[in-house]
1. Picking from Gln112, Gln58, which residue would you name as being exposed (fewer than 14 other Cβ atoms within 10 Å of the Cβ) and assigned to a helix (DSSP H, G or I)?
2. If I ask for residues that are among the charged types (D, E, K, R), under 19 Å from Glu99 (Cα atoms) and in a loop (DSSP other than H, G, I, E, B), which ones from the range 269-306 would you list?
3. Scan the range 94-109 and tell me whether some residue there is over 22 Å from the mean Cα position of the chain (by Cα) and modelled with pLDDT of 95 or more.
4. Residue by residue through the range 172-198, note down the ones that are touching a residue at least 60 places away in the same chain (Cβ under 8 Å) and closer than 24 Å to Arg105 by Cα.
5. For residues in the range 312-322 being modelled with pLDDT under 95 and assigned to a loop (DSSP other than H, G, I, E, B), which is nearest to Asp152 (Cα to Cα)?
6. Kindly establish whether Ala86 is within 30 Å of Glu18 (Cα to Cα), at pLDDT 95 or above and either among the small types (Gly, Ala, Ser) or surrounded by fewer than 12 Cβ atoms within 10 Å (Cβ to Cβ) (or both).
7. Which members of the range 26-57 meet the condition of being out of contact with any strand residue (DSSP E or B) (no Cβ under 8 Å at 6 or more places or on another chain) and among the aromatic types (Phe, Trp, Tyr)?
8. Any chance you could count how many residues in the range 259-281 are at pLDDT below 95 and more than 17 Å from Cys80 (Cα to Cα)?
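The values are calculated or read from the model by the stated rules, or taken from the named source; none is laboratory data. Quick caveat, the model's predicted, so the values are computed rather than measured. Here the Cβ positions follow ideal geometry from the backbone for every residue, glycine too, while neighbour counts run over all protein chains shown.
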Amino acid sequence: MNPLDTCPPRADAVPLPENIRSVQPGGGRCYQIELAWGRWRRWLLKTFRPGYVAAMEQLRKGDTTGSPHPILDPRDLKYCRNLCTAHWAPEHDRFAWRERLPLARWGLAEAQLMGWPLSAATIGLGMLPGWLRLLAIVPAVLLGLVIYFFRDPRRTIPGDESLLVSPADGKVVEIAELEHDPFIGGRAVRIGVFLSIFNVHINRAPLKSRVVELRYHPGEFSNAMNPASAERNESMWIGLEADAPPYRRMVVRQISGLIARRIVCSLRPGETLDRGQRFGMIKLGSRTELILPAEGLQLKVQLGQKIQAGSTPIGRFENGSS
């Protein structure tokens, strides 16, 4: 029987749980500094640029209900776009250029908070006399590592829409068969990807899909190379449903690691993602898992293979439909 003839009903989107009150629910010092700057910036805008605030309010679309602070312009959505539907049309978003930077937008605060002091130290030490200027090498190397870690290179998404693409950069460290996954509703295959601190840490959607449910699990920060870390570590569980019949379900899990402490997931239940679309990141070394229905799955990766988010094919289903 053709599975397209027996499509299950579309799943209802589940509201966000109470412990997801930000796109970065684990918080963090840089996160708190950026939120504090946001409060100061909004005061400045309302005090000295009321005309700008009124104009942006007229152009704003959607609903701000659920946001933890006033939404004056697109910058205010960075950490709460999963809590409300407010947005601006691309032509009215004065800060859309930030999405085109080769750095992850979710890491711009960290890159600046660490980058500017390191730049100043490099310049200052470089002005010392004689061999002492060689000390500038240390902050220069650290600055390079910061920029390198938060890089966000462009990726070419395969044209074959039946292909599922990798949700993360890194190395395939696990391919395991599961007897039953409760969300998928049957046998499944789990693919574990380890991200070292040298990998790009942006996560991307494996296919065009609708977000059904998100679950945030606070936990430990043990070595992400250990499969047991998937159960113990801080993680974000993302339940997806393919946007085309037979509406297969799948799961992406963002898992923190020994060094990684901050998971970013900007998704809200009910929204649709394009294949290869950015939806979050894990800051520093970590693990990402993709759980797929086993029935009809043709894997295109193997253990030890190095893969790239959005561009490396993970597999496809026999009938060619997602």
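1. Details: Gln112 fails: exposed (fewer than 14 other Cβ atoms within 10 Å of the Cβ).
Testing whether each residue is exposed (fewer than 14 other Cβ atoms within 10 Å of the Cβ) and assigned to a helix (DSSP H, G or I) leaves just Gln58.
2. Across the range 269-306, the qualifying residues are Asp274, Arg275.
3. As a first pass, look at the range 94-109 and keep what is over 22 Å from the mean Cα position of the chain (by Cα): 94.
In the following step, the residues that additionally are modelled with pLDDT of 95 or more were identified as none.
Checking the range 94-109: not a single residue is over 22 Å from the mean Cα position of the chain (by Cα) and modelled with pLDDT of 95 or more.
4. Quick first cut of the range 172-198, residues touching a residue at least 60 places away in the same chain (Cβ under 8 Å) only: 172-175, 177-178, 181, 183-197.
Across the range 172-198, the qualifying residues are Val193, Phe194, Leu195, Ser196, Ile197.
5. Ser322
6. Values: within 30 Å of Glu18 (Cα to Cα): yes; at pLDDT 95 or above: yes; either among the small types (Gly, Ala, Ser) or surrounded by fewer than 12 Cβ atoms within 10 Å (Cβ to Cβ) (or both): yes.
When the stated conditions are applied, Ala86 passes them.
7. Across the range 26-57, the qualifying residues are Trp37, Trp40, Trp43, Phe48, Tyr52.
8. So the count comes out to 3.
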